[in-house]
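K.L.:
Quick one: the structure is below, and I'll ask about it shortly.
The values are calculated or read from the model by the stated rules, or taken from the named source; none is laboratory data. Just so you know, these numbers come straight off a predicted model, no measurement behind them. Neighbour counts are summed over all protein chains in view; Cβ atoms, including those assigned to glycine, are modelled from backbone coordinates with ideal geometry.
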Amino acid sequence: MLPLLIAATEASAQGGIVEQFGIQPKYVVMQVISFLILFVVLYKFGIKPTIATMDERNKKIESGLQHAVEMQAKLAAAAQESAQLVKNAQVESQKLIDEARRIAKDYADKQQAEALQRSADLIAKAQQASELEHRKMLDLARGEIARLVVTTTERVLAKQLTDADRAAYNAAATKELSIL
């Protein structure tokens with residue numbers, strides 16, 4: 001700016017363009033000084049705070065972008081971790097299901113074995129009861145047959161048998177019935 005001011009003062013002294021346009025050097029100098037004051041004030045209170053604000057904003061944006069990249073990395077890690085947790089949970093649940101099936105099968109086998117054992121016991125008891133009943137019936141039939149033999153013998157012989165004779169006939173009849 002200073003060279004412009006010097007050129008203006010020289011031109012006014014020579015009387016060229018400066019006189020043609022009516023430019024006076026003292027007004028030019030005042031306008032240059034006013035412009036410089038305005039420039040300094042605008043720079044100090046307008047441009048400098050604006051640049052500082054823009055720098056601060058750029059830092060925030062950069063920080064935000066960096067934070068976004070970090071969060072994206074954390075999100076990817078969390079997604080991977082959750083996928084691993086889901087996979088582990090599926091494996092664990094499959095193990096639990098397999099264990100439950102095995103326990104259920106063991107329980108069903110045990111119940112079936114117990115049912116078979118109970119049915120075998122019932123069949124054995126029924127056979128024993130049947131045998132016992134059969135023996136009772138045979139014993140009852142033998143006793144009845146022996147009594148009939150004694151009664152028939154008494155009638156055939158037409159005499160009253162003593163207790164010893166009756167016991168001997170009963171024993172003989174029972175012995176013969178046992179052979180059959």
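K.L.:
Within the group S63, S130, which residue is of a type in the set (S, T, Y) and closer than 30 Å to N170 by Cα?
P.N.:
Criteria check complete, one pass: S130.
K.L.:
For the structure I just gave you, tell me whether K26 is within 25 Å of I6 (Cβ to Cβ) and part of a helix (DSSP H, G or I).
P.N.:
For K26, the condition - within 25 Å of I6 (Cβ to Cβ) and part of a helix (DSSP H, G or I) - is met.
K.L.:
Looking for whichever is of a type outside the set (A, V, I, L, M), at pLDDT below 80 and surrounded by 10 or more Cβ atoms within 10 Å (Cβ to Cβ) here; the options are T162, T151. Which one fits?
P.N.:
Matching residue, one of T162, T151: T151.
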